[in-house]
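To start, the structure itself, in structure tokens.
The values are calculated or read from the model by the stated rules, or taken from the named source; none is laboratory data. Computed from a predicted model, the values in this text were never measured in an experiment. FYI the Cβ positions are ideal-geometry reconstructions off the backbone, even for glycines, and counts take in every protein chain you see. With ligands, DNA and RNA removed, areas are computed over all heavy atoms of the protein, side chains included. Shrake-Rupley method; radii C 1.70, N 1.55, O 1.52, S 1.80 Å.
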2 protein chains.
Amino acid sequence: MKILIVLAHPEPKSFNYAMYLTAIKTLKENGHEVKTTNLYAINFNPVYDRSNFTTVKNPDFLKLQIEEIHAAEMNNSYVAETKIEQEKVEWCDLMIWQFPLWRFAPPAILKGWTDRIFTSGRFFKDGGYYENGTLRGKKALLSVTTGSPAKTYTKDGYHGDIYGVLRPVNRGILECVGFSVLEPEVNYSVAHLTDEDRKTVLKKWSNRLKNIFNENKINVGKY
Amino acid sequence: MKILIVLAHPEPKSFNYAMYLTAIKTLKENGHEVKTTNLYAINFNPVYDRSNFTTVKNPDFLKLQIEEIHAAEMNNSYVAETKIEQEKVEWCDLMIWQFPLWRFAPPAILKGWTDRIFTSGRFFKDGGYYENGTLRGKKALLSVTTGSPAKTYTKDGYHGDIYGVLRPVNRGILECVGFSVLEPEVNYSVAHLTDEDRKTVLKKWSNRLKNIFNENKINVGKY
């Protein structure tokens, strides 16, 4: 199968990076095709404005959705950086995002990747949401690390249920455009892992990925 | 009172911009002090990495939380861009964010502002979350525009309840650091407003702001 792995972490020695490298290695060893987007390494610009387009529909008033639909009609007239990412998303059967939870959401560099890539006219079309989304049939998985411990991300913990924290991404971005969402891979308090702990967690991740295409989508809930 | 207004929109002719200008004008006319952060206008860089700091705790392994706590100990050794924003947040009694909902969340330029500004050691301290948050006593308000119509952001609509969509920001960022959250100002399908509609909505916003300091916090819910 075809897998796209998107990484949003600035430190090559980080646990996120190790999870990313483990996923690449395991999936390739198991005969899959893997493409990657290492957002910090490619210095991805997450700020969405006119620079995302090579065409202009209305030079006097920037309405992004109008420009997006125009870009789709003009043979996807986005800048190369954006086109490459859109094509990877369309190419894959499974998309994995590897990121640390910052302020209960993906880092800005990853949020901006979705702002610029998941555009109207190409990914979002009239009526094409959720079960009718243009990317239906594809699967997606969030692999997340946290600073706070697991007990804080429970219904009675002070941050609340981790599924609720991740819902805006699972529901609002991934399901909205048609992805089937797999169980998130959540690792808590990774800054406090020992070397031995890290090996155990990476092994568990690798084992999971060997059978990832047998997994079914989860119910991410509605708001 | 002291109000900080943060704007995240690239187009000066946009409805978001008009809401922003209306808020500045109304609040000043009513005797308040107003500071602003127009993120696109100041070309704010939302990518969080080592460039946020002027000191280095560990040059070999970037752990952001460690660097943040070190920066706090070293007389807040952040770059000027960050310090200025931190001081504005600490200065204000009320913080208003004006932004379009992109992929069910703030634009990356605003997400990155929180990534870089709301740091451990300064805003987040051990045990200082929610009702014990360091910014308790301050109020915050999201003023949001959407592309989809109001009926899609209801419990039975296909996007689900707007309060649920906004919860990660209201709960995970604002309440988490101590803000009391006011009722969000939500304007739907703003691309389809007529000039007359715009005037009516701006007038309603202005009228609300005249009595904004009489409003009480809402219950944003938990996950």
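Against the test of being more than 23 Å from B:PRO168 (Cβ to Cβ) and crowded, with 20+ Cβ neighbours inside 10 Å, the options A:ALA71, A:ALA80, A:ALA105 yield a single qualifying residue, A:ALA71. Applying the condition of being of a type in the set (Val, Ile, Thr), modelled with pLDDT of 95 or more and outside any helix (DSSP H, G or I) to segment B:168-216 and asking which residue is surrounded by the most Cβ atoms within 10 Å (Cβ to Cβ) yields B:VAL181.
Residue-wise test of (1) acidic (Asp, Glu); (2) over 17 Å from the mean Cα position of the chain (by Cα); (3) farther than 30 Å from B:ASP156 by Cβ.
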| site | (1), (2), (3) |
| --- | --- |
| A:TYR153 | no, yes, no |
| A:VAL169 | no, no, no |
| A:PRO184 | no, no, no |
| A:LYS204 | no, yes, yes |
| A:LYS210 | no, yes, yes |
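Counting only helices (runs of 4 or more DSSP H) wholly contained in segment B:55-152, the ones carrying 3 or more residues that are within 11 Å of chain A (Cβ to nearest Cβ) and touching a residue at least 12 places away in the same chain (Cβ under 8 Å) occupy B:64-73, B:108-117. Of a type in the set (Val, Ile, Thr), closer than 23 Å to A:TYR129 by Cα, open to solvent by less than 10 Å² (accessible area, probe 1.4 Å) and out of contact with any Ser or Thr (no Cβ under 6 Å at 6 or more places or on another chain): is that true of A:ILE66 in this structure? No: the conditions fail for A:ILE66. Of the residues making up segment B:85-102, those that are more than 26 Å from A:THR119 (Cα to Cα) and open to solvent by 10 Å² or more (accessible area, probe 1.4 Å) are B:GLU87, B:LYS88, B:GLU90, B:TRP91, B:ASP93.
Within segment B:153-167, the set of residues being open to solvent by 50 Å² or more (accessible area, probe 1.4 Å) and part of a loop (DSSP other than H, G, I, E, B) comprises B:THR154, B:LYS155, B:ASP156, B:TYR158. Annotation note: Cβ proximity below 6 Å between a residue of segment A:13-28 that is without any contact (Cβ under 8 Å) to a residue 60 or more places away in the chain and farther than 10 Å from A:GLN98 by Cα and a residue that is open to solvent by 10 Å² or more (accessible area, probe 1.4 Å) and outside any helix (DSSP H, G or I) (sequence gap 6+ or interchain) occurs for A:LYS13/B:PHE61; A:ILE24/A:VAL34; A:LYS28/A:VAL34. Within the set A:PHE213, A:PHE179, the sole residue that is in contact with a strand residue (DSSP E or B) (Cβ under 6 Å, 6 or more places away or on another chain) and either under 21 Å from B:ASP161 (Cα atoms) or more than 14 Å from every other protein chain (Cβ to nearest Cβ) (or both) turns out to be A:PHE179.
Selection of segment A:1-43 for residues being charged (D, E, K, R), under 22 Å from A:GLN86 (Cβ atoms) and over 17 Å from the mean Cα position of the chain (by Cα) yields only A:GLU33.
Being touching a strand residue (DSSP E or B) at 6+ places or on another chain (Cβ under 6 Å), open to solvent by 30 Å² or more (accessible area, probe 1.4 Å) and not in a loop (DSSP other than H, G, I, E, B) is a property that B:LYS35 has.
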